[in-house]
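Reviewing the structure listed below.
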Amino acid sequence: MAPAAHYFMGGVRTDLYGRTSLPGLYACGEVACTGVHGANRLASNSLLEGLVFGARLAASLLDEQLSPPSRPDLWCGDLREERAAAEALVEERLAAVMGWWAGLVREAAGLEQAAAALDELWQVFEYAACRRRGLERRNLLLLARLLVEAALWRRESRGAHYRADLPAPDIGYRKHLLLARGREPREIPVE
Ligand SMILES: Cc1cc2nc3c(=O)[nH]c(=O)nc-3n(C[C@H](O)[C@H](O)[C@H](O)COP(=O)(O)OP(=O)(O)OC[C@H]3O[C@@H](n4cnc5c(N)ncnc54)[C@H](O)[C@@H]3O)c2cc1C
């Protein structure tokens with residue numbers, strides 16, 4: 001038995017029209033970070049996140065000249081059966097690692113164990129994943145690693161989850177952490 005998540009404050013940063021910093025990648029709903037929520041979710045905001053932002057995104061796309069996304073060349077290499085089995089195992093272990101160490105109650109030691117376990121799992125993807133399932137599993141693993149990285153940085157946390165090792169509030173953490181590929185992590189103060 002495990003606690004179920006009522007809401008997940010997604011971390012994909014978007015503007016008010018669902019655009020991310022990657023051309024052609026849009027997000028709305030739970031996955032998006034629009035700035036509507038603070039450290040915790042405001043009740044019944046799914047209507048806003050899903051319907052209002054969803055409609056804004058759809059309407060703005062109608063005005064855009066969309067070109068088909070470029071497709072990266074996928075090289076399958078020698079995808080042996082044991083590699084496919086290892087990929088499947090990643091998904092199973094990923095859920096256990098995240099549920100156990102990066103769930104509602106967190107602490108530094110557990111998050112560090114989670115980071116080490118995820119880094120070990122990442123070795124499965126040191127070759128080019130080529131099938132859709134493999135790519136999805138690799139993306140899940142990457143997102144989990146980023147989540148753990150951010151959770152380790154945010155020593156003071158309250159809302160949907162909390163740090164058992166730092167129960168007292170620390171106003172120094174009234175800021176966001178922005179992680180982007182190829183850039184240094186950036187701290188953005190909450191206005
Ligand atoms: C028990 C419960 C009660 C709730 N009550 C309320 C409430 O009273 N009021 C309120 O405002 N909110 C409520 N919520 C929250 C609300 O239901 C959600 O925030 C909302 O449904 C999220 O919508 P979404 O479209 O962002 O995500 P989802 O509804 O989770 O949609 C994501 C979709 O993506 C699909 N998907 C996932 N991975 C892939 C992939 N790799 N490829 C293709 N598709 C994929 C999934 O199958 C799913 O269909 C409740 C949630 C729960 C669990």
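Assorted remarks:
- Out of 164, 116, 108, sole residue that is at pLDDT 95 or above and in contact with a Lys or Arg (Cβ under 8 Å, 6 or more places away or on another chain): 108
- Cβ pairs under 7 Å, 6+ apart, first in the stretch 39-61 and farther than 26 Å from residue 188 by Cα, second more than 9 Å from the ligand (Cβ to nearest atom): 60/17
- Meets criteria (within 12 Å of the ligand (Cβ to nearest atom), modelled with pLDDT of 85 or more and not in a loop (DSSP other than H, G, I, E, B)) for residue 29: no
- Residue that is surrounded by the fewest Cβ atoms within 10 Å (Cβ to Cβ), among those in the stretch 27-49 that are touching a strand residue (DSSP E or B) at 6+ places or on another chain (Cβ under 9 Å) and among the small types (Gly, Ala, Ser): 35
- Checklist (1) in contact with an Asp or Glu (Cβ under 9 Å, 6 or more places away or on another chain); (2) more than 12 Å from the ligand (Cβ to nearest atom); (3) of a type in the set (A, V, I, L, M, F, W, C) applied to residue 9, failing item: (2)
- The stretch 41-56, subset more than 18 Å from residue 26 (Cα to Cα) and not hydrophobic (A, V, I, L, M, F, W, C), residue farthest from the ligand (Cβ to nearest atom): 41
- Hey, residue 154 of a type in the set (D, E, K, R), under 21 Å from residue 33 (Cβ atoms) and at pLDDT 85 or above or not: yes
- Looking only at the stretch 16-26, residues that are surrounded by 15 or more Cβ atoms within 10 Å (Cβ to Cβ), outside any strand (DSSP E or B) and away from the ligand (no atom under 12 Å from the Cβ) come to 2 in all.
- Members of the stretch 178-191 that are touching a strand residue (DSSP E or B) at 6+ places or on another chain (Cβ under 6 Å) and surrounded by 12 or more Cβ atoms within 10 Å (Cβ to Cβ): 178
- Number of the exception - residue 94 against (1) among the hydrophobic types (A, V, I, L, M, F, W, C); (2) closer than 25 Å to residue 119 by Cβ; (3) at pLDDT below 80: (3)
The values are calculated or read from the model by the stated rules, or taken from the named source; none is laboratory data. Predicted, not measured: the structure shown is a model, and the values here were computed from it. Reconstructed Cβ throughout: ideal geometry from the backbone, glycine too, with neighbour counts over all protein chains shown.
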